[in-house]
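Read the figures in this text as sums done on the coordinates, not as results from a lab. All figures in this text were calculated on a predicted structure; none of them were measured in a lab. Here the Cβ is made from the backbone with ideal geometry for all residues, glycine too, and neighbour counts use every protein chain on show.
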Amino acid sequence: MKTSALDAELGGMATIGRVVQGKEPPHFLTVFSGRMIILQGSQLSHYQGKCSSTDITGIPESFLLQVGGNQTHNTRAIQVERRAASLNTNYVFVLKTLRFGNFLWSGKGSTGDEREMAKKIASTVVRGDYEVLYEGQEKSNFWEAIGGKEEYTTNKEQTEHRDVIPPRLFHSSYTTDAFRVEEIVNFSQSDLVQEDIMLLDARHVIYIWSGKASSKIERDATTFIPIQYLRT
């Protein structure tokens with residue numbers, strides 16, 4: 001509603017785009033210069049009696065952020081439950097507390113670039129200093145701040161698999177005598193649309209997926225869509 005109102009104030013000259021949380025495209029993340037932070041909202045951490053108050057800005061005074069990304073165009077920090085079970089050896093986390101101080105925890109599977117981007121996040125949300133910790137070298141004050149030791153994900157992702165060019169998924173649909181193609185980022189199987197055509201660029205091979213409810217025009221287009229994609 002506010003978007004429409006702002007567009008009206010600008011005389012309809014604004015270009016409005018819809019971005020779904022968790023599927024932010026690179027150009028959207030770039031706007032935040034590697035400092036995009038997603039908080040849980042007003043109903044924050046009432047789990048097990050752990051209620052975190054907020055300051056005058058509405059930002060919680062204590063929280064845990066999981067930071068993912070190694071460049072400005074792919075970095076986002078997402079608030080997770082403030083407990084040790086939320087930790088993951090493949091990521092970097094920022095822990096902000098009032099009572100115990102602030103921490104930047106680096107999992108053994110994280111890279112140097114990821115740790116540098118996490119420092120940007122930490123400098124954005126933490127007023128003052130924060131303590132840098134590496135997995136396996138935590139001090140007792142960290143475990144006390146996060147609510148005690150718990151088991152967490154320690155299976156390392158293969159670094160070489162994380163650094164290669166990732167696959168890309170495109171959604172193709174036929175509307176008003178023209179084909180519309182849109183890339184879907186952070187995709188999963190649930191993004192497949194039975195009424196349309198999907199193109200999956202797996203780097204060494206291109207797949208065309210035809211939904212069982214797609215139109216004949218869309219199915220016929222599967223012969224030239226890959227060719228047009230390769231040309232661009």
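Structural remarks
- Here, the chain yields an orientationally averaged convex hull projection of 17.0 nm² when only Cα atoms define the hull.
- When Rg and the Kirkwood Rh are both derived from Cα coordinates, the Rg/Rh ratio for region 53-158 amounts to 0.94.
- Extended-chain gain in nm, criterion 0.36 nm per residue less alpha-carbon gap, Ala213 and Gln137: 21.9 nm
- Whole-Å semi-axes of the ellipsoid equivalent to region 165-231 (Cα gyration tensor, √5λ, descending): 18, 14, 10
- Using the Cβ-Cβ distance between Thr175 and Ala5 with R0 = 22 Å, the FRET efficiency computed as 1/(1 + (r/R0)^6) comes to roughly 0.20.
- Placing dummy labels 7 Å off each Cα toward the beta-carbon, the span from Ile38 to Val193 is 2.1 nm.
- Reach of Lys23 by Cα under 22 Å, taken over lysines that are not fewer than 8 positions away in the same chain: Lys2, Lys120
- Dipole axis of region 139-228 (+1 Lys, Arg; -1 Asp, Glu on Cβ), positive-most option in Ser140, Ser173, Asn155: Asn155
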